[in-house]
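All remarks here apply to the structure that follows.
Each reported figure results from applying straightforward, stated rules to the coordinates on display, with no laboratory input. It should be emphasised that the depicted structure is a prediction, and the values quoted were computed from it without experimental measurement. Cβ coordinates were reconstructed from backbone atoms using ideal geometry, including for glycine residues, and neighbour counts include every protein chain displayed.
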Amino acid sequence: MKLVEKLIQNRILSKEEFVELLSNTSAEDREILRKEAVRLREKYYGHDVYIRGLIEFTNYCKNNCYYCGIRRDNHHLERYRLTKDEILSCCEGGYRLGYRTFVLQGGEDPWFNDDRMEDIVRSIRAAYPECAITLSIGERSRESYQRLKEAGADRYLLRHETANEAHYRKLHPEEMSLANRKACLYTLKELGYQVGAGFMVGAPGQTFECLAEDLIFLQELQPEMIGIGPFLPHHETPFANEEKGSYDLTIFLLSVLRVMFPNVLLPATTALGTIKATGREQGMLAGCNVVMPNLSPVANRKQYELYDNKICTGDEAAECRGCMENRMASVGYHLVVDRGDFNKSIKQS
Ligand code: SAM
Ligand code: FES
């Protein structure tokens, strides 16, 4: 049996088989997989696209990941923090535009300790009881995750970045560890969060073996959300001169992930829209069902540049919403006003 057929049938392959699939699949077989990915996506989610309003509320970060534009050692960056009121006014604008999920993302900024984060989450929860709150604020203690969950957070995005120990060391300084990152993900699951993991495609030093290990790790973790996008260099990082990731491989991996996880929440990321103008539309045609337009104040958008040439840094939230609507319509999908939770059952309509 061909590997593509085997994946469609079993939803998992061995590490060696994944390596073979990623390195040596014909255009014809890729198309078979893509079509199956779209079929599964439509079985669970129809033509709906969930929107998440992304609020990039701090670009301070205590970490020094080699790939990231807001890393600690980037001194050519004006740092900012949004106040609670500014965050709430992003939510207010987003709510009016139909967003029912707010994603609070930031660097690992110790100023946002548990007391401050809890206060922010509680305030959003009180103002928008029917909305989902997603956090993406890195590695914290179990107690911290628990307090934020009790305050009203529903979901947590924490990409594992790479499941391979040696590759993790190439991407991060000594003070960070893959073991802790993975432990955080399992803790978040235990606490009842809907959890998102993921990785960059084409991060420096990544091999097909690394990617195969990523897929197998995801299979073990069983996350509700998976975020992947191409690695893109940032000029003020140690990886400034590294090659960007492959668009085609990202698209192929999105289809692989949809086939492995038929009902997972799978965003077409901003990085995919940056590497190719129609990347997010093509993402839908590869099995994606989520987009995350920006709700951050336009004044701060440029300062949250994780990689060079990030798109949408000059657009008001309302423009992004309209633009995204048109982009999705161009490939036969539509944005929905919905929390967009993980769907365990098949769509009826
Ligand atoms: N601090 C939080 C964390 O570590 O999870 C959230 C913010 S972090 C900037 C969000 C994600 O951006 C990372 O998980 C990483 O995969 C992605 N990212 C960072 N630098 C990137 C780059 N140069 N190209 C593509 N994606 C990048
Ligand atoms: Fe922001 Fe297109 S999604 S301008």
- Query: What whole number of Å gives the distance from the Cα centroid of segment 188-267 to the Cα centroid of segment 46-94?
  - Reply: 20
- Message: Suppose the Debye formula is applied to equal point scatterers at every Cα of segment 1-113; what is log10 I(q)/I(0) at q = 0.13, 0.20 Å⁻¹?
- Response: -0.82, -0.95
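Of the peptides 127-137, 225-235, how do they stack up when ordered by the mean number of other Cβ atoms within 10 Å, highest first?
Ranking, from highest mean packing down: 225-235, 127-137.
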- Message: Along the charge dipole of the chain, pointing to its positive end and built from +1/-1 on Cβ of Lys, Arg, Asp and Glu, which listed residue (Y156, L211, L40) has its Cα farthest out?
- Response: L40
- Query: Given labels modelled 7 Å from the Cα in the Cβ direction, how far is it in nm from K84 to N24?
  - Reply: 6.0
- Message: Quick check: residue separation of D248 and A179 times 0.36 nm, minus the Cα distance between them. What number comes out in nm?
- Response: 21.8 nm
- Please state the Cα pair-distance histogram of segment 115-184 with 10 angstrom bins from zero: what percent is in each bin? 19, 42, 24, 14, 1
- For the residue pair D338 and K302, what label-to-label distance in nm results when each label sits 7 Å from Cα along the Cα-to-beta-carbon direction? 3.8
- Query: Taking the simple approach of a point 7 Å from Cα along Cα-to-Cβ for both E150 and C323, what is their distance in nm?
  - Reply: 4.2
- Item | Overall Cα dimensions of segment 166-278 - principal axes, largest extent first, Å | 40, 37, 23
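Order of 149-157, 32-40, 301-309, 249-257 by packing, highest average Cβ count within 10 Å first? Could the numbers behind the result be given before it?
Numbers: 149-157: 21.2, 32-40: 18.9, 301-309: 17.2, 249-257: 23.6.
Ranked by mean Cβ neighbours within 10 Å, highest first: 249-257, 149-157, 32-40, 301-309.
Going by average Cβ density within 10 Å per residue, which order do the peptides 180-188, 194-202, 50-58 take, highest to lowest? Mind dumping the intermediate values first?
Numbers: 180-188: 17.9, 194-202: 23.7, 50-58: 25.2.
The densest-packed peptide leads the list: 50-58, 194-202, 180-188.
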- Query: Along the positive direction of the dipole of the chain (beta-carbon charges: Lys, Arg +1; Asp, Glu -1; about the Cα centre), which of T83, F342, A166 reaches farthest?
  - Reply: F342
- Query: Taking Cα atoms of segment 3-336, Rg/Rh with Kirkwood Rh, to two decimals?
  - Reply: 0.94
- Item | Across K15/K182; K149/K182; K2/K35; K35/K347; K276/K344, pairs whose alpha-carbon gap is larger than 21 Å | K276/K344
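Can you work out the FRET efficiency for the pair S141 and D119, with r the C-beta to C-beta distance and R0 = 22 Å, to the nearest 0.05? Could the numbers behind the result be given before it?
On the way: r = 18 Å, r/R0 = 0.80.
My answer for the efficiency is 0.80.
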- Item | the chain - charge dipole about Cα centre, Lys and Arg +1 at Cβ, Asp and Glu -1, debye rounded to 20 | 640
